[in-house]
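Right, one structure below, let's go through it.
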Amino acid sequence: MPVRNFARLLVGVSAAVAVLGMAVSAEAQEKKIKIGVIFDLTGPLAGGGSELQYTGVKIMLDHYAKTGVEGYKIETVYADAQSKPDIAINEAVRLLEQEKVDMLMGFFSSAQCVPVSARVDQMKKFMWITTCISSGVFDNKGYKYVFRPQAAGDQYGMMTTDFIAQYSKSKFGKEPKDLRVAIIHEDGAYGVDVSKGNEAGVKKAGFNLVLKEGYSATAPDLSALVTKLKRAKPDVIFHTGYNPDITLLFRQAREQGLKFGAIVGHGAGYGVYEKLKEGLGTDANYLFNTDPISIWLANQKTMDPKLPAVIKMVGEEFDKLKPGVAIRSAHVGIGASNAFVFLDDVLPRAIKKYGGVDPEALRKAALDTDIPEGGTMLGFGVKFFGEGTQMAGQNERSFPVVLQYIDDKSYVVWPKSQMQRETVLPLPKGTTFSDQ
């Protein structure tokens, strides 16, 4: 073969190899999942817990961005819902249609979750809710592509009333029928849902319900509500709110001389101790919050052995971002744990068993999830109600706990299986709102 022809052959082979290499490289680059993440990073919900949930989710996504999952690269696109449902919907559609994300993750506000989940399922796209709790997201909706490992709002309301019922006689010296209780709540999807759980729990316990009232979380004045509470004279107030409405309520309650034996919160604003302390000062002491257990308080002895190291990593990363925080908010752990369940359990199965990261593969993989109690950083297991059930897509194994803030520390005080110390009930004599 002439030298000139041989040279041409070599050039041709080299070019073919280069093209093949580029094709292989492109194929390797294409093995990725693009995740759209939506939280409220501005507006009132940001400081009410959304920014902390975002932080937990981002810590976990950043961790997996370094390692990938089953050969797939993790790519994220973040969006700010600005504490507005209409913007949350617009951002969800933008991420799916313009940014071409494979799925959506996050969502703090139930008022956003309800309409966004409807839109996303209609589009046949996959949505993984880490945070919002309204039962209305799933109740009789029949969604196929929306899943939530998080506990539902009615569970929060039932848990707190059960807690108070157990201590009605021993701590308040009253039979449940003689215990006066009030239910107050912000009037969005989140507050309404928890209040329904409260109401069902009150009925179950046989409490004397002296007031039930909702209010706008953006109301500039809650003095009329405080006046009604003063007239009703509740021993216990069950409150569902964000912030700054919590701070406003307490400030006006202090000004008007409202007294009670206990106030029990339900996530959101009550889950951000730093904000409570900033707004209420020493009156944040002895408050109760209901949430999935803080990952830093969960019993690691009964936990999957791989999880303590993950909890340690999340804590270290959070401390770098927020040094000097008195109590690591449960919000951070909720976001991190629920993101971890997807990245560690659902996503690998979608890739290995169902061949990729399209909505059908992710949906089938989620329905196969079967994590026992102790298998998540939050202590509960994960198994989703299946298609055709009333709450299809909701985790049937999740549960919240009741925590109490005492001297700048957070303790689980209910249920007994998770209890870390005896609860302080009612408010000690000499504290601002004590009715003793």
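The values are calculated or read from the model by the stated rules, or taken from the named source; none is laboratory data. Just so you know, these numbers come straight off a predicted model, no measurement behind them. FYI the Cβ positions are ideal-geometry reconstructions off the backbone, even for glycines, and counts take in every protein chain you see. Heads up: the accessible areas ignore ligands, DNA and RNA and are worked out on the full protein's heavy atoms, side chains in. Shrake-Rupley method; radii C 1.70, N 1.55, O 1.52, S 1.80 Å.
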task = Could you look at the stretch 59-208 and say what percent of its accessible area is carbon and sulfur, using a 1.4 Å probe and all protein chains?
result = 46 percent
Accessible surface of residue 274 - all protein chains present, 1.4 Å probe, nearest 10 Å² = 70 Å²
Cβ-based net charge around residue 395, under 9 Å, with every Lys or Arg adding one and every Asp or Glu removing one = +2
key: Pairs from 196/230; 34/320; 34/58; 32/312; 84/141; 144/383 whose Cα-Cα separation, in the structure shown, is over 20 Å   = 196/230; 34/320; 32/312; 84/141
message = Give me the three principal axis extents of the stretch 105-162 from the C-alpha atoms, as integers in angstrom, largest value leading.
response = 39, 22, 18
Å² per residue, accessible surface of the chain at 1.4 Å = 41 Å²
Cα shape, the stretch 136-258, gyration tensor, a/c 1.5 rule = oblate
ask   = So how tilted is helix 359-368 from the main axis of the chain? Cα-based, degrees 0 to 90, rounded to 10.
value = 50 degrees
query = Which residue, chosen from 389, 302, 292, occupies the Cα position most advanced towards the positive end of the dipole of the stretch 280-436, where the dipole is computed from +1 (Lys, Arg) and -1 (Asp, Glu) charges on Cβ about the Cα centre?
reply = 302
Kirkwood Rh and Cα Rg combined as Rg over Rh, evaluated for the stretch 319-372 = 1.19
query = When all protein chains stay in place, what accessible area (Å², nearest 10, 1.4 Å probe) is found for residue 222?
reply = 10 Å²
note = With the dipole of the chain defined by +1 on each Lys or Arg Cβ and -1 on each Asp or Glu Cβ, the option from 222, 170, 92 whose Cα lies farthest towards the positive pole is 170
key: Largest to smallest accessible area among 124, 66, 306, 383 [probe 1.4 Å]   = 66, 124, 306, 383
inquiry  = Just to be sure I understand: of the beta bridges DSSP finds with both ends in the chain, what percent are antiparallel, rounded to 5?
reply    = 25 percent
ask   = What FRET efficiency comes out for the pair residue 227/residue 200, r = Cβ-Cβ distance, R0 = 25 Å, nearest 0.05?
value = 0.40
message = Suppose accessible area is computed on protein heavy atoms with a 1.4 Å probe; arrange 102, 40, 358, 86 from highest to lowest.
response = 86, 358, 102, 40
request  = Give me the Debye-computed log₁₀ of I(q)/I(0) at q = 0.16 Å⁻¹ for the stretch 81-125, equal point scatterers on Cα only, no solvent, two decimals.
outcome  = -0.35
ask   = In percent, what relative contact order does the stretch 327-392 have, based on Cα pairs under 8 Å that are 6 or more apart in sequence?
value = 22 percent
message = Using helices alone, I'd like the mean residue ellipticity at 222 nm for the chain: each DSSP H run of four-plus residues gives -39500 (n - 2.57), total over residue count, nearest 500.
response = -13500 deg cm²/dmol
request  = With the Cα gyration tensor of the stretch 250-339 in hand, convert its eigenvalues to equivalent ellipsoid semi-axes via √(5λ) and list them largest first in whole Å.
outcome  = 30, 15, 10
task = Jot down the radius of gyration and Dmax of the chain, Cα atoms only, both in angstrom.
result = 24.6, 107
note = Under 5 Å from the placed amide H of residue 406, counting only residues 5+ away or on other chains, we find 286, 411
note = The answer for the net charge of residues other than residue 142 whose Cβ lies under 11 angstrom from its Cβ, with Lys and Arg +1 and Asp and Glu -1, is -1
ask   = Residues with beta-carbon under 15 Å from that of residue 371, excluding residue 371: net charge, scoring Lys, Arg +1 and Asp, Glu -1?
value = -2
request  = Taking the chain as the reference, fit the longest principal axis to its C-alpha atoms, fit the long axis of helix 189-205 to the helix C-alpha atoms, and give the angle between the two in degrees, 0 to 90, nearest 10.
outcome  = 50 degrees
inquiry  = Can you tell me the orientation of helix 3-30 relative to the chain, as the angle in degrees between its alpha-carbon axis and the longest Cα principal axis, to the nearest 10?
reply    = 10 degrees
query = If 121, 368 are ordered by their accessible area, calculated over protein heavy atoms with a 1.4 Å probe, which sequence runs from highest to lowest?
reply = 368, 121
key: Qualifying lysines (Cα of each under 17 Å from Cα of residue 277; at least 8 residues distant if same chain)   = 322, 409
query = Mind checking the dipole of the stretch 284-410: about its Cα centre, +1 per Lys or Arg Cβ, -1 per Asp or Glu Cβ, Debye to the nearest 20?
reply = 200 debye
